[in-house]
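The values are calculated or read from the model by the stated rules, or taken from the named source; none is laboratory data. Everything numeric in this text was worked out from a predicted model, so none of it was measured. For neighbour counting, all protein chains shown are included, and Cβ atoms are generated from backbone atoms with ideal geometry for every residue, glycine included.
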Amino acid sequence: MNYVVLDLEWNQCCGRDQENPRMPFEIIEIGAVKLDEKFNIIDSYSSIIKPRLYKRLQPHVKAILNYDEATLKKGKPFDMVCRDFIKWCGDDYIFCTWGAMDLSYLQNNMEYYYLKPLDSPLKFYNIQQIYADISEPNHSIVKLERAVTALKIQVEEDKPFHSAVNDAYYTGKVFKLIKPRDLKDRYIYDIYNNPKEKEEELVSYHKNYMEHISREFTTKIEALEDTELLTMRCYRCGKKLNNRITWFASSPNSYSCVGKCWYHGLVAGKLRFKQAKNGNIFVIKTMLPTDKKGMENIRERQDELRIKRQTKRHNKHNHESL
């Protein structure tokens, strides 16, 4: 199997341009490098795309790119480039990106042009997150340039940053240097094409967490009536947990809980509500290890929110009594 390290450059509307809600970010460059099983670069892909919607570069985008509108006019149409790129990827590969948005933007642009969608469920490696977990655990977002500097990777004169193929090249170099032993456990799922039905739901157990991506629901209340979704399970063995802190709304779009596995200790759970493209919602449930301090932090959050609700109800009652 090969690793296809993908990087994109994209533009958006600026000035008096009208944003198209079907494609708010238009891809203007696709770059990639292909790595073999030993993380050696064996091929590369690069193509400039002639924009169809946003022909003027947004000022921030223009400031970081190494080319301008004149270069874009010489590019090829997206549908032609995308078909060529997918063919170049081959048959046996997994995508790798620096960050989690490239594949979503790629699929959005493909959908706009009514191209055949990528296979679903779509696994990929977020090299940015893997690097952060290994080298900078207190930071989930690390710029590529920072990682390149930290790993003492030589920046080549003919390969400046903010060119898609060059950024893919440096991402590939970072990937080769960090190559974690537990790489097969570090994949994640892209959720642009989220599960629609019960049989499409995704449940994956990893070394340090469990992830459950649900089907779609029409409302949050309907999702919270799903028994399996609310069942607290151990991230390692999958057994039901003994309740320590029941599910509670920890933010407008998330619920939290804590349970205990007699074999693997305390486990913290979170439900995150996401909006699907059709307006429905789906849920990403995660269960991961915690400790007594982590449990107390969650309990403090629960108590804090309870006091806020009580204070709000009290103030409302006093106001209505006046």
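Tally up the residues in region 140-157 that are outside any helix (DSSP H, G or I) and not charged (D, E, K, R), please. It would help to see each step written out before you state the result.
Within region 140-157, the first condition is being outside any helix (DSSP H, G or I), and the residues that meet it are 140-143, 151-157.
If we keep only those that are not charged (D, E, K, R) as well, we get 140-142, 151, 153-155.
So the count comes out to 7.
Matching residues to (1) of a type in the set (Lys, Arg); (2) in contact with a Phe, Trp or Tyr (Cβ under 7 Å, 6 or more places away or on another chain); (3) in contact (Cβ under 8 Å) with a residue 12 or more places away in the chain:
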{"site": "LYS73", "(1), (2), (3)": "yes, no, yes"}
{"site": "ARG83", "(1), (2), (3)": "yes, no, yes"}
{"site": "TRP98", "(1), (2), (3)": "no, no, yes"}
{"site": "GLN107", "(1), (2), (3)": "no, yes, yes"}
{"site": "TYR113", "(1), (2), (3)": "no, yes, yes"}
{"site": "PRO121", "(1), (2), (3)": "no, yes, yes"}
{"site": "ASN126", "(1), (2), (3)": "no, no, yes"}
{"site": "TYR131", "(1), (2), (3)": "no, no, yes"}
{"site": "SER135", "(1), (2), (3)": "no, no, yes"}
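Can you name the helices (runs of 4 or more DSSP H) wholly within region 23-101 that have at least 1 residues being modelled with pLDDT of 95 or more and farther than 22 Å from LYS159 by Cβ? Outline the logic, then answer.
Working: elements: 59-64, 69-73, 78-89.
Where helices (runs of 4 or more DSSP H) fall fully within region 23-101 and carry at least 1 residues being modelled with pLDDT of 95 or more and farther than 22 Å from LYS159 by Cβ, they are 69-73, 78-89.
For region 205-223, enumerate the residues that are closer than 16 Å to PHE273 by Cα, touching a residue at least 12 places away in the same chain (Cβ under 8 Å) and surrounded by fewer than 17 Cβ atoms within 10 Å (Cβ to Cβ). First the steps, then the outcome.
Going residue by residue through region 205-223, those that are closer than 16 Å to PHE273 by Cα are 211-223.
Those left that are additionally touching a residue at least 12 places away in the same chain (Cβ under 8 Å): 211-220, 223.
Once the filter is applied, which keeps residues that are closer than 16 Å to PHE273 by Cα, touching a residue at least 12 places away in the same chain (Cβ under 8 Å) and surrounded by fewer than 17 Cβ atoms within 10 Å (Cβ to Cβ), region 205-223 yields THR218, THR219, LYS220.
Tell me whether region 231-238 contains one or more residues that are of a type in the set (Ser, Thr, Tyr) and surrounded by fewer than 16 Cβ atoms within 10 Å (Cβ to Cβ). Please lay out each step first, then the result.
Pass one, region 231-238, residues of a type in the set (Ser, Thr, Tyr): 231, 235.
From the residues that got through so far, the ones that are surrounded by fewer than 16 Cβ atoms within 10 Å (Cβ to Cβ) too are 231.
Yes, there is a match, as at least one residue in region 231-238 is of a type in the set (Ser, Thr, Tyr) and surrounded by fewer than 16 Cβ atoms within 10 Å (Cβ to Cβ).
Could you please find all residues in region 251-265 being closer than 22 Å to GLN302 by Cα and either basic (Lys, Arg) or surrounded by fewer than 17 Cβ atoms within 10 Å (Cβ to Cβ) (or both)? First the steps, then the outcome.
In the first step, residues of region 251-265 are kept if they are closer than 22 Å to GLN302 by Cα; the result is 251-261, 265.
Of everything in region 251-265, those that are closer than 22 Å to GLN302 by Cα and either basic (Lys, Arg) or surrounded by fewer than 17 Cβ atoms within 10 Å (Cβ to Cβ) (or both) turn out to be SER251, PRO252, ASN253, SER254, LYS260, GLY265.
Please tell me if SER321 is at pLDDT below 95, surrounded by fewer than 16 Cβ atoms within 10 Å (Cβ to Cβ) and of a type in the set (Gly, Ala, Ser). Let's see the steps before the verdict.
Details: at pLDDT below 95: yes; surrounded by fewer than 16 Cβ atoms within 10 Å (Cβ to Cβ): yes; of a type in the set (Gly, Ala, Ser): yes.
For SER321, the condition - at pLDDT below 95, surrounded by fewer than 16 Cβ atoms within 10 Å (Cβ to Cβ) and of a type in the set (Gly, Ala, Ser) - is met.
Would you confirm whether any residue within region 183-197 is at pLDDT 95 or above, more than 20 Å from the chain's Cα centre (by Cα) and surrounded by fewer than 17 Cβ atoms within 10 Å (Cβ to Cβ)?
So far as region 183-197 goes, yes, one or more of its residues are at pLDDT 95 or above, more than 20 Å from the chain's Cα centre (by Cα) and surrounded by fewer than 17 Cβ atoms within 10 Å (Cβ to Cβ).
For region 57-77, check the following and say yes or no: at least one residue is over 19 Å from PHE161 (Cβ atoms) and among the aromatic types (Phe, Trp, Tyr).
Scanning region 57-77, I find no residue that is over 19 Å from PHE161 (Cβ atoms) and among the aromatic types (Phe, Trp, Tyr), so the answer is no.
Taking the stated definitions as given, is SER135 of a type in the set (Ser, Thr, Tyr) and in the same structural domain as MET232 (by TED's automatic domain parsing)? I'd like the intermediate steps shown before the answer.
Details: of a type in the set (Ser, Thr, Tyr): yes; in the same structural domain as MET232 (by TED's automatic domain parsing): no.
For SER135, the condition - of a type in the set (Ser, Thr, Tyr) and in the same structural domain as MET232 (by TED's automatic domain parsing) - is not met.
Being touching a strand residue (DSSP E or B) at 6+ places or on another chain (Cβ under 8 Å) and farther than 25 Å from ARG236 by Cα is the filter here, so list the residues in region 275-293 that pass it.
GLN275, ALA276, ASN280, ILE281
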